[in-house]
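The values are calculated or read from the model by the stated rules, or taken from the named source; none is laboratory data. A quick note: this is a predicted structure, and the numbers were derived from the prediction, not measured. As a convention, Cβ positions derive from the backbone with ideal geometry for all residues, glycine included, and neighbour counts pool all protein chains shown. Quick note on the areas: whole protein, heavy atoms, side chains included, nothing else; ligands and nucleic acids left out. Shrake-Rupley method; radii C 1.70, N 1.55, O 1.52, S 1.80 Å.
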Amino acid sequence: MTRKAEIDATIQAIEASTALRADFNAKATEAMNIMNTPLEKGGNWGMTQNRGADMARLIRLLKKLG
């Protein structure tokens, strides 16, 4: 189980680093695009539930941080 201090440190690192946010955003966008690709074309990574919407929400929050 993740401790609150670990979560807080992660959030602080994301807020403090423009480069980290940009990298995280690029990787989240790539993951979302793959998740939104149909299974027959290699998408969804075999997940039982598509998390593309969750990734889109994360991307919007990262962009809001700047």
Of the residues ASN44, ASN36, which single one is in contact with a helix residue (DSSP H, G or I) (Cβ under 9 Å, 6 or more places away or on another chain), open to solvent by 80 Å² or more (accessible area, probe 1.4 Å) and at pLDDT below 85? ASN36
Consider the range 17-33. How many of its residues are part of a helix (DSSP H, G or I) and open to solvent by less than 50 Å² (accessible area, probe 1.4 Å)? 6
I need every pair where a residue in the range 1-20 that is closer than 14 Å to LYS64 by Cα and touching a residue at least 12 places away in the same chain (Cβ under 8 Å) has its Cβ under 7 Å from the Cβ of a residue that is of a type outside the set (Ser, Thr, Tyr) and surrounded by 10 or more Cβ atoms within 10 Å (Cβ to Cβ), sequence separation at least 6 or different chains. ILE14/LEU20; ILE14/ARG21; ILE14/PHE24; GLU15/LEU65
